[in-house]
């Protein structure tokens, strides 16, 4: 099937709608049973293998931003665990695809595509979550002396020392895209990206018990050796590698949220159309009907903004407007999904609070996207910064 780069993003074509319907059916029919057999908070390798067999992990490397959004939204509608497993593979492997060497790509990406190799994106730290430029994981040159990539490369490499936290797929990933301070400059200008295999000496980790059922953990680096062959991109340019990845994936985080919102909305419409109360059905009550209408309107607005942001990325990934559009899409979609799921629970009543109910599951799932890959407050900061930059440059 051809890509979707030509779509305007506001009206999907028949082939796109058909593909999304097939994905929703696949998520419910094949992927959901595999997800239910997995252990919450752990990497589900059979589920990853199924995503590979269906060719969906390959899509991470061949899709444009809009197609990635449609993929994530459709999977999220039917199986949030499958969506998350796929997205985390993309987040961890995209820096290798875009900035890795031929040798790195040949060594690691075939396994990611097949669902055999688990990737992870290791940016956040205990003291540097939203402020990624403040990370402190140190890459100390092996040769000593000045703290810089030149001395490190001349001495054969660096030693990584410090911690990472809130890392998806940790500590079970097979390799990590790790961002560390090599010191070429202050702030973001002194960060480099490394591909670190999980079996490197000095690397350890532990799982974290989180509200959402995602595999998330912390990592400890005790003099972990890395060399020039482990670099992703150029020394001191690692922050750009991270932002390149996040600019692509932020709209699709919004798509994940839209998928959850649409699932909650559909469940609510079906429930309120059938549930009898006060001599009629719930949907006959104006207070209920108006709330459902508001849920539907906000979901549609978020969906369109996500598609527009993805379309802008596909049209010109280097455009100065891409970070702002991506931030707007993630902000509106994740906040909307929280609103829709919360009101869906309210309209279902105690039924939705029972363990195992779709809305009980979505209620735990929907909270995290407002924080990861840049919290809502960070997105607002990005949006405002870009707006004022445009005024100053006018």
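The values are calculated or read from the model by the stated rules, or taken from the named source; none is laboratory data. Predicted model, so just to flag it, every value in this text is computed and none were measured. Please note: Cβ atoms are built from the backbone with ideal geometry, for glycine as well, and neighbour counts cover all protein chains shown.
For region 260-276, filtered to residues that are without any contact (Cβ under 8 Å) to a residue 40 or more places away in the chain and surrounded by 13 or more Cβ atoms within 10 Å (Cβ to Cβ), the residue that is farthest from residue 12 (Cα to Cα) is 275.
Among the candidates 251, 228, which residue alone is touching a helix residue (DSSP H, G or I) at 6+ places or on another chain (Cβ under 7 Å), closer than 28 Å to residue 11 by Cβ and not assigned by TED's automatic domain parsing to the domain that holds residue 102? Answer to the selection: 251. Does any residue of region 288-295 turn out to be at positive phi and without any contact (Cβ under 8 Å) to a residue 12 or more places away in the chain? No, there is no match, as no residue in region 288-295 is at positive phi and without any contact (Cβ under 8 Å) to a residue 12 or more places away in the chain. Residues in region 190-202 that are surrounded by fewer than 23 Cβ atoms within 10 Å (Cβ to Cβ), under 24 Å from the mean Cα position of the chain (by Cα) and over 18 Å from residue 101 (Cβ atoms): 198 only. Being farther than 23 Å from residue 44 by Cβ and either at pLDDT below 95 or surrounded by 20 or more Cβ atoms within 10 Å (Cβ to Cβ) (or both) is a condition met by at least one residue of region 172-179.
Looking at this structure, is residue 312 crowded, with 21+ Cβ neighbours inside 10 Å, part of a helix (DSSP H, G or I), modelled with pLDDT under 95 and out of contact with any strand residue (DSSP E or B) (no Cβ under 9 Å at 6 or more places or on another chain)? In short, yes.
Looking only at residues in region 333-374 that are part of a helix (DSSP H, G or I) and under 16 Å from the mean Cα position of the chain (by Cα), which one is surrounded by the fewest Cβ atoms within 10 Å (Cβ to Cβ)? Looking at residues that are part of a helix (DSSP H, G or I) and under 16 Å from the mean Cα position of the chain (by Cα), I get 335.
Selection over region 46-66 of residues that are touching a residue at least 60 places away in the same chain (Cβ under 8 Å) and surrounded by fewer than 15 Cβ atoms within 10 Å (Cβ to Cβ) gives a count of 1. Does residue 377 qualify as being in contact (Cβ under 8 Å) with a residue 60 or more places away in the chain and surrounded by fewer than 16 Cβ atoms within 10 Å (Cβ to Cβ)? Yes, satisfied.
Considering region 76-114, the residues that are in a loop (DSSP other than H, G, I, E, B) and surrounded by 24 or more Cβ atoms within 10 Å (Cβ to Cβ) include one that is farthest from the chain's Cα centre (by Cα), namely 100. State yes or no: is residue 285 in contact with a strand residue (DSSP E or B) (Cβ under 9 Å, 6 or more places away or on another chain) and more than 21 Å from residue 164 (Cα to Cα)? Considered against the rule, which asks whether it is in contact with a strand residue (DSSP E or B) (Cβ under 9 Å, 6 or more places away or on another chain) and more than 21 Å from residue 164 (Cα to Cα), residue 285 comes out as yes.
Being in contact with a strand residue (DSSP E or B) (Cβ under 7 Å, 6 or more places away or on another chain), over 17 Å from residue 227 (Cβ atoms) and modelled with pLDDT under 90 is a property that does not hold for residue 122.
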